[in-house]
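Chemist: Here it is, the structure, as structure tokens.
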């Protein structure tokens with residue numbers, strides 16, 4: 001079984017992760033990334049502001065309000081998806097260099113239950129709570 005050495009601060013603990021353990025995680029994250037990118041593209045098509053007929057349409061006030069609301073909703077969803085895409089790409093980079101699952105702050109392992117729920121996590125629960133204060 002090959003092992004990948006996790007890079008960390010010399011004062012922090014060093015861990016070794018088997019490549020065969022990180023490979024399925026990388027595949028899962030890659031699939032999640034593809035799904036998010038497809039969803040982002042689909043949202044772009046649903047945005048009422050991208051409709052060419054909108055420019056020539058002298059819609060009623062209620063129709064204009066609906067378009068404004070639709071655009072605001074889609075913009076918020078796309079912003080959230082963009083944030084998730086960045087997080088997943090960062091997690092994929094961590095998988096590639098071998099320090100996935102290691103807290104960026106304290107250097108300890110992130111609980112596997114946390115990684116199952118939030119696979120792009122970069123901080124352990126303890127450090128996350130400190131950051132939120």
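Chemist: Counting other beta carbons within 10 Å of each residue's own, what order do 111, 20 fall into, fewest first?
Modeler: 20, 111
Chemist: Further question: Taking other Cβ within 10 Å of each residue's Cβ, how do 44, 128 sort, fewest first?
Modeler: 44, 128
Chemist: Next question. Which shape class, rounded, prolate or oblate, goes with the range 18-133 when its Cα gyration tensor gives a ≥ b ≥ c as root eigenvalues, a/c under 1.5 marks rounded, and past that a/b bigger than b/c marks prolate?
Modeler: Since a/c reaches 1.5 and a/b is larger than b/c, the shape of the range 18-133 is classed as prolate.
Chemist: Sorted by average packing, counted as other Cβ atoms within 10 angstrom per residue and highest first, what order do 63-76, 86-99 take?
Modeler: Listed from highest to lowest mean packing, they are 86-99, 63-76.
Chemist: Provide 30, 23 in ascending order of the number of other Cβ atoms located within 10 Å of each residue's Cβ, fewest first.
Modeler: 23, 30
Here, each number is a calculation from the coordinates, and none is a lab measurement. Values in this document were obtained by computation on a predicted structure and should not be read as measured data. Because the Cβ atoms are built from the backbone with ideal geometry, glycine has one as well, and the counts that use them run over all protein chains shown.
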